[in-house]
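Comments concern the structure below.
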Amino acid sequence: MKLDTDVEQLLAHPRYWLMFALPWPTADQDVDMAEAAYAIAPQTVPDRQRDRMLSDAVDLLGFTEVYAREHPGRRVVWLSDVTRWLEWEKGHSWSALGVDWEAAITELSAQPLLGMFMTISCRAHLHMVNTARQCTLHHTDGQPSEVLTDDERNAVHEALTTKLKADWPVYIRDMLRSGHLTVG
């Protein structure tokens, strides 16, 4: 199916995605992959829908938009990226800004938005939730400690960006083809 309108192109190829980690679904140490991330395209959320959302969700989307404008090369924006930016570059925290980020992501997860659940590795999940300048993992099973590096974080970003760039347009086309999404 060819996408004919500018709106269809916007839906299939958004400027960026907001991705946040969901709770890791198991305590089983042997589970390395799980559906534990969710991605949305904030610019596809209509104003009339934002008007019905909790202010925390609207504010989180607003700060994400500012982050995305200041980081135009970043196609996948993690909630932890925005949190780091707020703390490290802007000197703020979500709570100081009056935003309950947990309520915001709960609201965004529950909304009927164009969103995609993502299966990620446990290691990718660790990067997605990490907001520290430096994070050292200490293992209880005797394995040596290890540091989550910025190079590895960037590699996870690149892998998830590649995956979304490939899968998102197919998802949008399938939604349009099935009639679950209409453009008028």
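The values are calculated or read from the model by the stated rules, or taken from the named source; none is laboratory data. Quantities reported herein were computed from a predicted structural model and do not represent experimental measurements. We place every Cβ from the backbone using ideal geometry, glycine too, and count neighbours over all the protein chains shown.
Checking the structure you have, find out if any residue of the range 80-96 is free of Cβ contacts under 8 Å to residues at least 60 places away in the same chain and closer than 26 Å to Val170 by Cα.
So far as the range 80-96 goes, no, none of its residues is free of Cβ contacts under 8 Å to residues at least 60 places away in the same chain and closer than 26 Å to Val170 by Cα.
Would you say Arg74 is without any contact (Cβ under 8 Å) to a residue 60 or more places away in the chain, among the basic types (Lys, Arg) and on the phi < 0 side of the Ramachandran plot?
For Arg74, the condition - without any contact (Cβ under 8 Å) to a residue 60 or more places away in the chain, among the basic types (Lys, Arg) and on the phi < 0 side of the Ramachandran plot - is not met.
For the range 97-110, give me each residue that is surrounded by fewer than 17 Cβ atoms within 10 Å (Cβ to Cβ) and either of a type in the set (Gly, Ala, Ser) or touching a residue at least 12 places away in the same chain (Cβ under 8 Å) (or both).
If the condition is that a residue be surrounded by fewer than 17 Cβ atoms within 10 Å (Cβ to Cβ) and either of a type in the set (Gly, Ala, Ser) or touching a residue at least 12 places away in the same chain (Cβ under 8 Å) (or both), then Leu97, Gly98, Ala103, Ser109, Ala110 are the ones that fit.
Kindly indicate the residue of the range 88-135 that is of a type in the set (Val, Ile, Thr) and more than 22 Å from Lys165 (Cβ to Cβ) and also modelled with the highest pLDDT among those meeting that condition.
Ranking the qualifying residues of the range 88-135, first place goes to Val99.
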